[in-house]
Structures are given as structure tokens and as C-alpha cells.
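A short write-up of the structure that comes next.
The values are calculated or read from the model by the stated rules, or taken from the named source; none is laboratory data. Computed from a prediction, not measured in an experiment: that's the story for all the values here. Every residue, glycine among them, receives a Cβ derived from its backbone with ideal geometry; neighbour counts consider all protein chains shown.
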Amino acid sequence: MSSVKLSALEQVQFGTWRLSPKSQTITDGEVSKELEPLIYSLLVYLLENHGRIVPKSELVDYVWRQKYVDDNAINRAFSVLRKTLKSENQRAIIVKTHYRKGYSIIVPVEFISVADIQQESLRKTPELELLSNTKPLNNVDKAYSKKKKSWLKPMAVFAIFLVGAIATFFMLTEPFSAKEERQKKLKGEVLTWREGSVAVPRLSQREALLAYTHMAKGNNKGSLIVKSLISGKEWEIYTPSIVDEQAFPMAWYQDSIVYFQVVNYRTEEKCAIWQADISPLVKGISDSVKPQKLFDCKSANVMQGDIVEHGKSLIYTKHYYRNVRHIGRLISIDLSTGEEFQISTPPIDAIGDYYVKANGKQDRIAYLRSTGASTQVMLSKLDGSGLKELMMVNYKISAFTWSEDDTELNWLKAGTRSLVTLNVHSLVLSERDIDLENSSQFTNTFYLIDLFKNLRVVLANEDRERTLKRYKITPRELIPLPFIELPDEELAAGPLTNKGEYIFLSRNMDMEYQVWRYNLGVVKNIGTLQHNWAKEFGVSPNKQQFVVYEHDLKMDYQINIYDLEPFKKVHTLKLPGLLYSVDWLNNKELVLTYLNTDSKVVLARYNIMNKILITEDNDCFCFGGISVDSGQLYTVSAHKKLYKYNFEQKSHQALKQLEQKSWYDFMIDNGLLYIITLDTVELHSLSNDFEPIIYSHQSELEFYSLYKGFSENDFFVNAIRFKNNNFYLFDLLQP
């Protein structure tokens, strides 16, 4: 496929960058960067095939050299490559994505042979004058044009001797340097080969067994699997009996009993904690075990915990704290009596407590508290007393482990490949860079990672990708409409004109939230949000501004308004509580709901010009969300009842009782009510003129959020697509 092989070349010039194949580095004269193997191979193949569009399938065959590579891994590799190729000297795009076609290099490429390098070296020697018609290769390597001077001769002789000595030294030491570099690249052992997706790894206390959830391709049932890391054998411990039921491992007692959560995430009501003694399987006494149900729970979120007091108690994450679905706190339950007591008390504006591990002595627990994009590391006794905040970091920690002597906590830093160590006594924080093979495939996500005490880590490559889709509704079916696809996660969208122009929000692997404008087939990045966490995106009625809910590294939650032309933040509102939802009432007012300190949902209006927040209802029937249609506000209660709100009378008028089932979002548009579940779109009449029409989208996507389209019969939806993935085992102390 390639017309030029870089192995026969000394260097390659592209844009302001110069690539050295021998050292696998690029330089622009000021900055030098070393490329990891996968990114280097990807760049080399694109350079070898410059001048044409390289299809994604060709990259899979010649770069990854695998039969199958999921799109998410390819997109992340290109995201890393583009970030690497950015510099002060190189601001123009080098790699272009051709929608549904492939990728290409769009800057001039010059291949430089050994002879070219030697000739260039001669041109640079002060003893020779540069001919007037000779052009330098680039602005970095400027040729000398000075007249020869007699005093340069001895200096040149000394320089040649010095360069020769340095070159000889590095030639002698290169094998050792190369060996050391090879040692830094940590190779992972593939642990799972099942077709489908895997998630929620949980290592046993003695670290000989791995429990995880497996969902077969095309199957919405999540089975509980246990794998022996010694023998390699696997056992299916729990197989769901109904569709959409999932079994998530929570905790282990030694290497014998696994505790797990069974939940149907469509109803949330079917949630229970189970246990299974797998020692007969490990010892070869039996081929099957019979799990036992311990107690019921209520949560659609993944729960995690730890067994303490020699198997007597389970400390676990319990959601619906203060009746808020996503806020979790730690509960200790006596497994023999069922008696519970609360250990932690997260603030109402936090996402809550989500990961806990006891130390080896079983007298302390460390746990994580999320406040959005940041994490607090907490330490207490088993009963929650003696609480101490050890550290707060400006990123999400997904999992951690205690050291063998109980003096340190270790975790992987999100968004990087650094091993972080925190001394729980001195509070000294240290980091050590690690280099995982094919690191761009992995994300440090809560449900895809777990760590051993001896600093081995189980990681899974990403099992899903978030994307935006656009649909048109007809009387009989949903019709997918063309929509741009980016290598980043596409999160939200809003129309600007009725001619197909819109803006949308995306998030790249560096957790940057970027705003894009699409018009007539052209996508343009118009700006980047200032903070590292964002949601609740909406375009103003006049299409000149958008509102978004953000917070910064200090967990300072803000509702921000941005102008589109020119792109800039023009207004900020800080709420006395946690925002639930926000929408434009008109061009000068926002309507919003937030959770106050009494766990009540407050409905309020905000006048942008006067900067006045007006409370409409201190206990609103809008736990299920709000939507504005033609200046009229609609709300949905926690019990799925639809209301119309009257601002003059400050009252709610009940319109209709919706079906009591789990659904993820709703909106009112042109007098019609849209409701989405994971795999359906429902269309309702507000006046009950017709029975609800239910559309099944019948795709591998799961729907989560709705956004208005250009007319009454089209809309945008935020969806998740599941991918095949595997678990890998890395030894972080590998020499």
C-alpha cells in the first residue's frame, strides 16, 4: 500500500515538524517529543501514504494488525496524535478526518535520505559558502552563508573531534539506553477473551480471584463471572433470568465469598445484594454454586463495598441519600442481623461517596468522595468516627489500594499514566510516570479498573462511546438523519437556523469541553469551555447565546452564558444548591430547578439583565425535570405526573399521569411530549387526543438525553454505543 518506506530514510519533514525514524521522535527546532509505539506507527503510515485518504479499515490491517479494533480505540489514538502534533510553531491542522472515508496528511511532506543529510551537513560547514540559489529545507535548519574566517579552522577541527567523541559515547551506551526504554513500556496480560463487553472488576482480598460483569454481544443481561488468576479457570456465578438485569460484583471476603448487586436498571426497584461461596469451585469439589440473596436495595447505580470485622459486616455505597438518586453515602450492615448504620455524610451539593477499602489491620477505612470532576480522599475508623480529609485532587479517582504496611494509598491519576502515592500520616503526595503498552486504549473509569496491594492493576479498554444522533419522526417509524461524527465524545446539540445549522458540545480525552458549529457540511471549532465539567446545555430562542452548567477545579458550580459570535462567556450565576435542570424561558430569562439544603426541589426564574433570582416554588413538582415550549413551562414530578406551571398564579396544573416506568429524559416541542427510554421514543399528545405512539429505534444505541431539532418532527438524542472490550493485567512495578 505504501509508496515510500521510512525505514530507508533518515528524516521526514512535514509542516514544521521533522521526524527521526531511528529515535521515533519529532522536533520543530525548539520542542522535541518522543512518540509511543502505536502513535509512531500511526503517524508513519499516514506519512508513507500522504497524498491520499487512508481508510480506517486499512489502518486496522497495517497499523493495529488485528482482525478487529473498535472505533473508540482508533478515535482516541488520533486524538493523542493530534495533541502531540500541536506546538507554537505548528498551529495548522496536520491530520484531517474525512467523514466516513478515512484520514489524510494535509501538509507538505518531504522525505530526506542519508545523502540529503550529508549534503545538508556540507552546506552547513563554515568552510563552504552556500550557493545563492540553494534553498534550506525549512526555517528551522538555516544554512550558513557567512564568509570563511581563518580562526574557524581549528575550532572546526575541535568540534569534529568533540562530536565524534560524543557520538562514540552514545553509540557505546545506546544498547543500555534502549534496554532501559524498553523496560519502561509495561506490557499487559489479556485476562478475558469473551465476546461482548466486560466491566466492574473486583479483586479478592488475597488477590487470587477476579470477579467481573460480562454482557454478551446483543444481550442486555449482565452475568457475574469469577476468574482464577492462578489457574486461569472461569466460572459463571450468576446468570440473569430477565432482560436488562445486571449482576455487579461489590466485595470479597478473602478468596471464598463474593458479594454482588443484582439490579434491573430500567425499573430501579429490582435491586438486591447477594453472596456466593465459590470455594467449592476453586477446590474442584463442585462444578456449580448456588448464590444466596441477602437483602433488598434501591439503586440503578453500580455499588461497591468492602467486608470488615472478619466477614461479619459489609460497608457499601447506598444511594438515594436525602432522596436524591445519584448521591451515595457509606452504610455498614451487620450481615447476621441486617442492622444498618450510616458511616458517612456527604454534602448535598456533592455526587457522594463511591469507593471504600479497609486497611490490612481492619481498623480504618479510606474512601472517595466525588464533587464532580474533583475527588476528596477521606479516612475514618470503621464506624465513621475520627473522620479526616487526607487530600483533594482536581481529577476523578476511580479506584485505589492500600500498601502492605497500611501507610500509603496508591491510585492512577486520571487522564495520565502516573502512579500516585499518598502517605496517610505525613500527607506527602508523590507521582511516578508509568508507560502502559497501547495506553491510548484505556480510560481510568470507575467501573473499568481495580488495583492490587502489590501494585498490579486490572484495566479494561473502553466499553462504550457517547455520541449524538439526529432523528426524524414519521407516523410509522424513526428515520436517522445525517449527522457529523467526531473522534471526541459528542454530548449535546442545539439548532441555530431552520436550514440545518447547529452547534454541539463535545468532550475530548483530555476532558476539554469544546463547542462546534456545523453549517453546510463544514464543522468549525468556535471555542473551549473554561471548566472541566459541564452539563445542561441549551441554545437561546434568538440563537445568539447558549447556557451551560459547569464547575471548576474548586467545585465552584456555575450556570454560565456564552455568546456565540464572538465566542466568550458573558454571564455567570452561582446557585445556593445543586442544579437539576435549566432552560430558556425567553431571551432574557432562564427557568431552573435546584436542590436546596433541605433536599427540596426549588423552582426559580432568573432575569439575566437585572441579575435577579426569583423563587417560584420552594417544593416543586419537578423532581423529574422541566421543559419549556413557546414560553410555557412544563414539569414532571417524581411520580411521573406531568404539570403545566402558571407563573402569575404560581400554581401547577396537572395534565396527565404518565406510565410508572424508568425513563431518562423528556421534552415538550410544538405541543407534543417526547419521552425516551433506553431503546424507545414515545410521542404523547398533551390533550390526550391520541394514544401514545411508541417507536423502537432497534439499534445498538441506548438513548439518554433529548434536544430539540429544527422542526416539530426531528430531534437530537445523546446515546451510548457499547463496544467489545477486554481486561488487561499490568504490573506497575515491572522492571
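Below are the figures for this structure:
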{"quantity": "Lone qualifier among R369, R364 - being touching a residue at least 12 places away in the same chain (Cβ under 8 Å), among the basic types (K, R) and closer than 25 Å to K574 by Cβ", "calculated": "R369"}
{"quantity": "Matching residues, the range 248-297, being out of contact with any Ser or Thr (no Cβ under 8 Å at 6 or more places or on another chain), part of a strand (DSSP E or B) and among the acidic types (D, E)", "calculated": "D296"}
{"quantity": "Residue check, I479 more than 28 Å from V377 (Cα to Cα), at pLDDT 85 or above and hydrophobic (A, V, I, L, M, F, W, C)", "calculated": "yes"}
{"quantity": "Residue in the range 717-726 that is under 21 Å from L642 (Cβ atoms) and surrounded by 15 or more Cβ atoms within 10 Å (Cβ to Cβ) present", "calculated": "yes"}
{"quantity": "Hits in the range 205-255 - residues which are of a type in the set (S, T, N, Q) and in contact (Cβ under 8 Å) with a residue 24 or more places away in the chain", "calculated": "Q205, T213, N220, S223, S228, Q246, Q254"}
{"quantity": "Failed condition for M391, given (1) at pLDDT below 85; (2) assigned to a strand (DSSP E or B)", "calculated": "(1)"}
{"quantity": "Residue satisfying all of: in the range 351-372; assigned to a strand (DSSP E or B) and basic (K, R); surrounded by the fewest Cβ atoms within 10 Å (Cβ to Cβ) among these", "calculated": "R364"}
{"quantity": "Options I608, I614; residue that is more than 28 Å from the chain's Cα centre (by Cα) and loosely packed, with under 14 Cβ neighbours inside 10 Å", "calculated": "I614"}
{"quantity": "Matching residues, the range 223-233, being modelled with pLDDT of 90 or more and either in a loop (DSSP other than H, G, I, E, B) or farther than 14 Å from L203 by Cα (or both)", "calculated": "S223"}
{"quantity": "Residue within the range 375-383 that is free of Cβ contacts under 8 Å to residues at least 40 places away in the same chain and touching a Ser or Thr at 6+ places or on another chain (Cβ under 6 Å) present", "calculated": "no"}
{"quantity": "Residues of the range 38-62 classified as surrounded by 13 or more Cβ atoms within 10 Å (Cβ to Cβ), under 25 Å from S87 (Cα atoms) and out of contact with any strand residue (DSSP E or B) (no Cβ under 6 Å at 6 or more places or on another chain), total", "calculated": "10"}
{"quantity": "Tally, over the range 445-476, of residues that are part of a loop (DSSP other than H, G, I, E, B) and over 30 Å from A251 (Cα atoms)", "calculated": "3"}
{"quantity": "Tally of residues being modelled with pLDDT of 90 or more and under 30 Å from F78 (Cβ atoms) across the range 412-442", "calculated": "1"}
{"quantity": "Residues located in the range 21-36, provided they are surrounded by fewer than 17 Cβ atoms within 10 Å (Cβ to Cβ) and at negative phi", "calculated": "K22, S23, T25, E30, V31, S32, K33, E34"}
{"quantity": "Residues within the range 63-88 that are more than 18 Å from S41 (Cα to Cα) and surrounded by 15 or more Cβ atoms within 10 Å (Cβ to Cβ), tallied", "calculated": "1"}
{"quantity": "Candidates S627, S651 - the one that is under 35 Å from the mean Cα position of the chain (by Cα) and closer than 27 Å to R322 by Cα", "calculated": "S627"}
{"quantity": "Qualifying positions in the range 568-595 - part of a loop (DSSP other than H, G, I, E, B) and either touching a residue at least 60 places away in the same chain (Cβ under 8 Å) or assigned by TED's automatic domain parsing to the domain that holds Y321 (or both)", "calculated": "G577"}
{"quantity": "Positions within the range 20-53 being assigned to a loop (DSSP other than H, G, I, E, B) and over 21 Å from P108 (Cβ atoms), in sequence order", "calculated": "K22, S23, Q24, E36"}
